[in-house]
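Reviewing the structure listed below.
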Amino acid sequence: MPTVSAGAVEDLPTDRCVEIGDGRAVVVRVGSEVYAYRNECLHQASPLAGGLVRDGVITCPLHFWRYEAGTGTKCGEPELRLETYPVRIESGNVLVDLPAPPAAVSWREMMLDHAREWDRGDG
Ligand code: FES
């Protein structure tokens, strides 16, 4: 699980989601607490990066679904929850443990996989 630095706590804005880890996650600062979530809204998988954070609530920039900033649960539907990542603060710096990025696959491998799965319907 790679660890990504999000910089100093005091440098993180408190009013919006900040993208980290090549866009795979966002961090959200609420006071002195920092939370990290997968950068993907539960509605239509739009990035949450740049979404506003106000009164402890994240708002998706696309269609305005709202999530509790401290838990990642959707407001009014707590059974829906953003994927969370562990955050720790060391010497004032925010460190986030992200899942390993997906392995790179060549075009040739993707086409071969597609061909293997293709059902021609003649057999
Ligand atoms: S994609 Fe986030 S509210 Fe629609």
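Within the option set Ala45, Ala49, Ala6, being outside any strand (DSSP E or B) and either surrounded by 13 or more Cβ atoms within 10 Å (Cβ to Cβ) or in contact with a strand residue (DSSP E or B) (Cβ under 9 Å, 6 or more places away or on another chain) (or both) holds for one residue only, Ala49. If the condition is being among the charged types (D, E, K, R) and without any contact (Cβ under 8 Å) to a residue 24 or more places away in the chain, then the range 47-77 contributes Asp55, Arg66, Glu68, Glu77.
When the residues of the range 37-46 are narrowed to those that are more than 10 Å from the ligand (Cβ to nearest atom) and touching a residue at least 40 places away in the same chain (Cβ under 8 Å), which ends up farthest from Tyr85 (Cα to Cα)?
Filtering the range 37-46 down to residues more than 10 Å from the ligand (Cβ to nearest atom) leaves 37-39.
Remaining after also requiring touching a residue at least 40 places away in the same chain (Cβ under 8 Å): 37-38.
On the way: Tyr37: 6, Arg38: 7 Å.
Result: Arg38.
Summed over the range 21-36, residues that are over 14 Å from Tyr85 (Cβ atoms) and either within 15 Å of the ligand (Cβ to nearest atom) or open to solvent by less than 70 Å² (accessible area, probe 1.4 Å) (or both) total 3. Hey, can you tell me all the residues within the range 61-88 that are open to solvent by less than 80 Å² (accessible area, probe 1.4 Å), outside any loop (DSSP other than H, G, I, E, B) and not acidic (Asp, Glu)? Matches in the range 61-88: Tyr67, Thr73, Lys74, Leu80, Thr84, Tyr85, Val87.
The values are calculated or read from the model by the stated rules, or taken from the named source; none is laboratory data. Keep in mind that this is a model prediction, so the values were computed, not measured. Positions of Cβ are generated from backbone atoms using ideal geometry, with glycine treated the same way; all protein chains shown enter the neighbour counts. Just so you know, the surface numbers come from the protein's heavy atoms only, side chains and all, with ligands and any DNA or RNA stripped out. Shrake-Rupley method; radii C 1.70, N 1.55, O 1.52, S 1.80 Å.
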